[in-house]
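Student: Once you've had a glance at the structure underneath, I'll fire off some questions.
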Amino acid sequence: MNRVMVTGASGQVGVELVRALRRTLGDASVLATDLRSPPKGNHPGDEGPSAIVDCTDRAALDAAAARHRPDTVFHLAAILSAVGEADPERAYRVNMGGLVNVLELARETGAGVFVPSSIAVFGPGSPRDPAPQECTQRPTTMYGVTKVAGELLCDYYHRRFGVDARGLRYPGLISDAPPGGGTTDWAVEIFEAASEGRGYTCFLGPDTQLDMMYMEDATRAAMELMEADPAHLRHRNAYNVTSMQLTPARLADALADRLGAFEIDYEVDPVRQAIADSWPRRIDDSAARSDWGWKPRFDLHALLDAMLPSDGPARGPSPETTPTPSR
Ligand code: VAH
């Protein structure tokens, strides 16, 4: 991986992934594309090349790739679960139309492709605790439907045309970068409230358990997967990966413990609660661990250290929050 193009580069994952890629490859090697300009000037790694590109516009995508000549495309542009339920036709058009454009580009140029999938591929009929790498996947959201179809499309392009397509089923992602309209946005919003000394009104119920991951683990996992030996990849699209399981109540308690006090209350949004309830309470990521050496570095304590740096000295992971290796 030497020259990279990122779609969705101004989104929650894109902003942090572009920075991580530029730290490794150099600013000029990473082209950041999105419908809106990426952040400039307020962070190292924000100074590289960027372009306004709609990934559903094949000609625009090809023109940007012809100028930058990427050997790898990280295709992040997508409509997430909650926004997708408000406009399912647009979610289908963007998520599937953008993906097939990227896969066709990769077929013609030989570029490798990373596509984030999600725990949203699982549905009410999937095992919930844990959800294994392979099982029934009948998601009940348009986002989940496009993620299952996307995984199948990536595997088809690999099998039929030799495209080096790889993906990860991400859990909820926690970052300084703002979230993008998903069901796990609460886990980002709660830290914003805590950092500003405010309480938080959560749109999911207190005991809604989902897999979560700090963004630094997520960007590292994507880069490690793309550099992994392809001979070891039994699943390609896409690997379960997780760092921890959280509920709003558990995270609020941890914040109160760390900050001395933290108030949370609940105004459950039935749409996002139903989405969360259709997803697993825990996923099994043992295949990623054995095939390409996946290992999370941020447990709950390290997450608090990273998201609340001003609250005092970092603490090592504690036994009760060190991720339990999946069976
Ligand atoms: C969403 N953040 O909430 C995304 C993610 C597992 C959740 O796919 O839609």
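No lab work stands behind these numbers, since they all come straight from the coordinates. For clarity, every value in this text was computed on a predicted model and none was experimentally measured. Note that we place each Cβ from the backbone using ideal geometry, even for glycine, and neighbour counts take in every protein chain shown.
Student: Apply the Karplus parameterisation 6.51 cos²θ - 1.76 cosθ + 1.60, with θ equal to phi minus 60°, to every residue of region 87-104 and state each ³J(HN,Hα) to the nearest whole Hz, in sequence, with x for glycine and proline.
Tutor: Computed from phi, the couplings for region 87-104 are 8, x, 5, 5, 4, 5, 4, 6, 5, 8, x, x, 5, 5, 4, 5, 5, 5 Hz.
Student: Still on this structure: With the cut-off at 1.5 for a/c, could you classify region 1-85 from its C-alpha gyration tensor as rounded, prolate or oblate?
Tutor: Oblate, since a/c reaches 1.5 and b/c is not below a/b.
Student: If you don't mind, another one. Assuming 0.890 mPa s and 25 °C, estimate D for region 220-304 with Stokes-Einstein, Rh taken as the Kirkwood radius over Cα pairs, in µm²/s.
Tutor: 157 µm²/s
Student: Continuing with the same structure: Could you pull out which residues in region 113-145 have an amide N less than 17 Å from a spot 7 Å beyond the Cα of R159, following the Cα-Cβ vector?
Tutor: Taking a point 7 Å out along Cα→Cβ of R159, the residues of region 113-145 whose backbone N falls under 17 Å are 134-137.
Student: Check M244: other-chain or 5+ apart residues with amide H under 5 Å from its amide H, H built from backbone geometry?
Tutor: Sorted by chain and number, the residues that satisfy this are M212.
Student: Please give, to one decimal in nm, the separation of the simple spin-label points placed at D87 and V271, each 7 Å out from Cα toward the Cβ.
Tutor: 1.2 nm
Student: Between N2 and L259, what FRET efficiency follows from the Cβ-Cβ distance if R0 is 35 Å, with the result rounded to 0.05?
Tutor: My answer for the efficiency is 0.20.
Student: If you don't mind, there's one more thing I want to ask. Classify region 190-267 as rounded, prolate or oblate, taking a ≥ b ≥ c as the square roots of the eigenvalues of its Cα gyration tensor: rounded when a/c is under 1.5, otherwise prolate if a/b is larger than b/c and oblate if not. Let's see the in-between values first.
Tutor: Details: a/c = 3.64, a/b = 2.47, b/c = 1.47.
In terms of gyration-tensor shape, prolate.
Student: Among residues other than E47 whose Cβ falls under 11 Å from its Cβ, what is the net charge (Lys/Arg +1, Asp/Glu -1)?
Tutor: So the surrounding residues net to +1.
Student: Further question: What Kirkwood radius, in Å to one decimal, follows from the Cα pairs of region 38-166? Intermediate results must be reported in sequence, preceding the final value.
Tutor: Values: mean 1/r = 0.0628 Å⁻¹.
Result for region 38-166, one decimal place: 15.9 Å.
Student: Once you order the gyration tensor axes a ≥ b ≥ c over the Cα atoms, which shape class does region 108-206 get: rounded for a/c under 1.5, otherwise prolate or oblate by comparing a/b with b/c?
Tutor: oblate
Student: What is the distance, in nm, between label points placed 7 Å from the Cα along the Cα-to-Cβ direction at D176 and at E189?
Tutor: So the two model labels end up 2.2 nm from each other.
Student: Next up: Please work out the C-alpha center-to-center distance from region 237-256 to region 86-111 and express it in whole Å.
Tutor: When both Cα centres are located, 30 Å separates them.
Student: Tell me, in nm to one decimal, what length is gained between R67 and E108 on full extension, where the rule is 0.36 nm per residue of separation less the Cα-Cα distance?
Tutor: 13.3 nm
Student: Now for a different question. Placing one identical point scatterer on every Cα of the chain and ignoring solvent, what is log10 I(q)/I(0) from the Debye formula at q = 0.10 Å⁻¹?
Tutor: Taken in order of the listed q values, log10 I(q)/I(0) reads -0.54.
Student: Could you derive backbone 3J(HN,Hα) for region 220-231 from the dihedral phi with the Karplus parameters 6.51, -1.76 and 1.60 (θ = phi - 60°), listing whole Hz in sequence and x where the residue is Gly or Pro?
Tutor: Going residue by residue, I get 5, 4, 5, 5, 5, 4, 5, 9, 5, 5, x, 5 Hz, with x marking Gly and Pro.
Student: Ok, one more. Starting at the first residue of region 236-246, write each ³J(HN,Hα) from the Karplus equation 6.51 cos²θ - 1.76 cosθ + 1.60 with θ = phi - 60°, in whole Hz, x for Gly and Pro.
Tutor: 6, 10, 9, 7, 4, 9, 8, 10, 6, 10, 9
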